[in-house]
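Have a look at the structure below, then the notes.
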Amino acid sequence: MHASTMRLGVAMVFCSLVMGVSSEGWYSFFKEAVQGAGDLWRAYWDMREANYQNSDRYFYARGNYEAAQRGSGGIWAAKIISTARKYFQGLLNQYYFGISNHGSESMESTRKAEEWGRSGKHPNHFRPQGLPEKF
């Protein structure tokens with residue numbers, strides 16, 4: 001990764017952080033962000049535990065939905081984590097697997113599910129039939 005790309009990424013994260021905190025206190029914002037990150041982590045581990053075919057969009061939507069329910073800090077954390085996941089997944093595909101455009105349709109449908117959840121829409125829209133009620 002080039003230094004200029006890294007600086008741009010850090011600047012974008014910092015600017016989005018400042019924009020998110022401007023309307024409320026730092027403590028509240030960071031608390032929501034940490035809790036939102038925990039929501040995304042829990043959804044990810046539930047997805048791994050469920051190991052259920054075609055359920056990934058549901059779990060991505062659910063994690064983003066639960067994070068968004070925390071407030072602006074949760075929404076911020078969900079955006080940053082989702083963006084970082086897509087970026088690193090793209091790097092992994094390109095440099096490790098040697099595939100430059102692998103799964104672009106899948107990544108687009110995942111992005112839509114994440115945005116669906118962050119917008120406050122219920123994630124059950126993406127819930128596959130037969131997924132155990134535990135999830």
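The values are calculated or read from the model by the stated rules, or taken from the named source; none is laboratory data. Keep in mind that what you see is a predicted model, and the values were worked out from it rather than measured. Cβ sites come from the backbone with ideal geometry, for glycine too, and all protein chains shown count toward neighbours. Remember, those area values only see protein heavy atoms, side chains included, never the ligands or the DNA or RNA. Shrake-Rupley method; radii C 1.70, N 1.55, O 1.52, S 1.80 Å.
Considering only residues that are farther than 27 Å from E32 by Cα and exposed (fewer than 13 other Cβ atoms within 10 Å of the Cβ), which ones fall in the stretch 109-132?
Listed by number, the residues that qualify are Q129, G130, P132.
For the stretch 40-60, give me each residue that is open to solvent by 40 Å² or more (accessible area, probe 1.4 Å) and out of contact with any Leu (no Cβ under 8 Å at 6 or more places or on another chain). So that I can check it myself, show each step before the final result.
As a first pass, look at the stretch 40-60 and keep what is open to solvent by 40 Å² or more (accessible area, probe 1.4 Å): 41-42, 44-45, 48-49, 51-54, 56-57, 60.
Passing the criteria: W41, R42, Y44, W45, R48, E49, N51, Q53, N54, D56, R57, Y60.
Taking the stated definitions as given, is A33 surrounded by fewer than 17 Cβ atoms within 10 Å (Cβ to Cβ) and at pLDDT below 95? Steps first, please.
Numbers: surrounded by fewer than 17 Cβ atoms within 10 Å (Cβ to Cβ): no; at pLDDT below 95: yes.
So A33 does not fit the description; no.
Per-residue answers, yes or no, for (1) farther than 30 Å from G25 by Cα; (2) polar (S, T, N, Q):
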{"position": "A50", "(1), (2)": "yes, no"}
{"position": "Y58", "(1), (2)": "yes, no"}
{"position": "Y65", "(1), (2)": "no, no"}
{"position": "R85", "(1), (2)": "no, no"}
{"position": "S106", "(1), (2)": "yes, yes"}
{"position": "E114", "(1), (2)": "no, no"}
{"position": "S119", "(1), (2)": "no, yes"}
{"position": "N124", "(1), (2)": "yes, yes"}
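Taking the stretch 61-88 as the region of interest, how many residues are open to solvent by 40 Å² or more (accessible area, probe 1.4 Å) and either in contact (Cβ under 8 Å) with a residue 60 or more places away in the chain or β-branched (V, I, T) (or both)?
6
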